[in-house]
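The values are calculated or read from the model by the stated rules, or taken from the named source; none is laboratory data. Quantities reported herein were computed from a predicted structural model and do not represent experimental measurements. Because the Cβ atoms are built from the backbone with ideal geometry, glycine has one as well, and the counts that use them run over all protein chains shown.
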Amino acid sequence: MKIVLRELQATTRGYFQLLAVLAVIILLFGATVLYIEHHGHIVTSMNNQIVWGLPDVFAVFLLLSATGALSIALMASFFGKAEYRPVAPLSGLLAIAMLLAGVMMLMFDLGRPDRANLAMMNFNFKSVLAWNLFLYSGFAGFTAFYLWTLMARGMQRFTLLAISLAFVWRIGLTTGTGSIYGFQVARQAFDTALMAPMFIAVSLSYGLAVFVLVLMLACRSNACAIGDAMMARLARLQAIFIAVGMYFVLVYHLTNRYFTRHHDFEDFILFSGGIYPLLFWLGVVLLGGILPLLLLLQPKIGQMRQRIVASMFLVIVGAFAMLYVIIIGGQAFPLVLFPGRQVTSTFHDGVINLYTPSLLEWMLGFGGLAIAGLIVMIGLKLLGFLPNRLDDTAIEMSLTKPAVAAT
């Protein structure tokens, strides 16, 4: 059966209302960027101790979710899972949209986005951040190339090449994102090579959660019923991704507990660090790990749409909790300048650093999500990224004669 792609047919008031809400959020985002650029980071809660604040949590979530969202395309075109081919174009669109939004978040969080050209023209190749400029652009380019091979006539013979390049670059991009923190040996929270594989593992569940929610919402607006078999596959895949991600989180903390120099940090994050232990045990472990697994591990999960939606939302909640604990909590714990010695001074040495996100930072964060959402909505409306059918019969027929055509 030939898989026909079509544009989003939504013409209801709800579509345009959501479009207007996203536009308003983006306008507020732009005003916030200009305000911070004029007055400096002093107007936010970020300071010399907490230099990466809440906007960086949103940015890293978008970047990880971008690489994770491409997993469906990888399953379809790289690993040969034909049942995922009808939704592979949507996977690529989400990857590009969230990557662009995440990069914009990083650029505008610098405080002087008008001087971003200096960073782009003067590279310090000893900095992981400089490497990421090439990783971001390469990932977007290879994913766009992959979408072109899917949707243009006569280009299907290049699909495997395109997705292979995107696959390699996806691993490199997530490794680079994790290495931004893992290469910082001065901080107890970041000083480990496990950061890179852990980020790769958790990105799978983050991206799939966003993908499933967008797919369900788009198909509901497009009168394209998703079959129980497809939902069951996505749900079981998510259960595997959650388990893999939680395994790496467990290994990360067990490794830290093994090394004596990290004991104080582990006690801070897991037990005595105020809000951070609460976010870890309640947000990461319970809401982001155990509860979604219990919801998804059901024999008839394909028919339980509310459970699937709830589990995907919980994974996203757990994602923000985990990134907040890693990024903010890792900076809140004081630097160990002289191991084995007590240090006190008037420069916050040996003191737990306090941080409460300001309204401006929340506006920056939600603005990044709104940018990604606007790109996806416009892409779905103008181009053919959605399959004409996703019911069980269509999926079974596509397993025998898979092909993709755009209308």
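Worth a mention:
- Residue ID - surrounded by the most Cβ atoms within 10 Å (Cβ to Cβ), chosen from residues in segment 171-183 that are within 17 Å of residue 141 (Cα to Cα) and touching a Gly at 6+ places or on another chain (Cβ under 9 Å): 173
- Just so you know, in segment 338-360 the residues that are polar (S, T, N, Q) and touching a Gly at 6+ places or on another chain (Cβ under 9 Å) include one that is surrounded by the most Cβ atoms within 10 Å (Cβ to Cβ), and it is 358.
- In segment 214-234, the residues that are within 18 Å of residue 15 (Cα to Cα) reach residues that are among the aliphatic types (A, V, I, L, M) and not in a helix (DSSP H, G or I) with C-beta atoms within less than 6 angstrom, at least six apart or across chains, in these pairs: 218/386; 219/226; 221/10; 222/8; 222/386; 224/390.
- Whichever residue in segment 224-248 is among the β-branched types (Val, Ile, Thr) and buried (at least 21 other Cβ atoms within 10 Å of the Cβ) and, among such residues, is nearest to residue 81 (Cα to Cα): 226
- The residue pairs whose first member lies in segment 283-303 and is within 13 Å of residue 238 (Cβ to Cβ) and of a type in the set (S, T, N, Q), whose second member is at pLDDT below 95 and surrounded by fewer than 21 Cβ atoms within 10 Å (Cβ to Cβ), and whose beta carbons are closer than 8 Å, counting only pairs six or more residues apart or on different chains, are 298/304.
So that you can scan it fast, the table gives a plain yes or no per residue for (1) within 25 Å of residue 209 (Cβ to Cβ); (2) of a type in the set (Lys, Arg); (3) surrounded by fewer than 21 Cβ atoms within 10 Å (Cβ to Cβ); (4) out of contact with any Cys (no Cβ under 6 Å at 6 or more places or on another chain):
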residue	(1), (2), (3), (4)
254	no, no, yes, yes
257	no, yes, yes, yes
276	yes, no, no, yes
285	yes, no, yes, yes
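- Verdict on residue 132 being among the polar types (S, T, N, Q) and in contact with a helix residue (DSSP H, G or I) (Cβ under 8 Å, 6 or more places away or on another chain): yes
- Taking helices (runs of 4 or more DSSP H) as the structural unit, those lying wholly within segment 28-144 and holding at least 2 residues that are free of Cβ contacts under 8 Å to residues at least 24 places away in the same chain and surrounded by fewer than 20 Cβ atoms within 10 Å (Cβ to Cβ) correspond to 116-121.
- The sole residue among 172, 154 that is in a helix (DSSP H, G or I) and not polar (S, T, N, Q) is 172.
- Restricting segment 1-27 to residues that are exposed (fewer than 11 other Cβ atoms within 10 Å of the Cβ) and assigned to a loop (DSSP other than H, G, I, E, B), the residue that is modelled with the lowest pLDDT: 11
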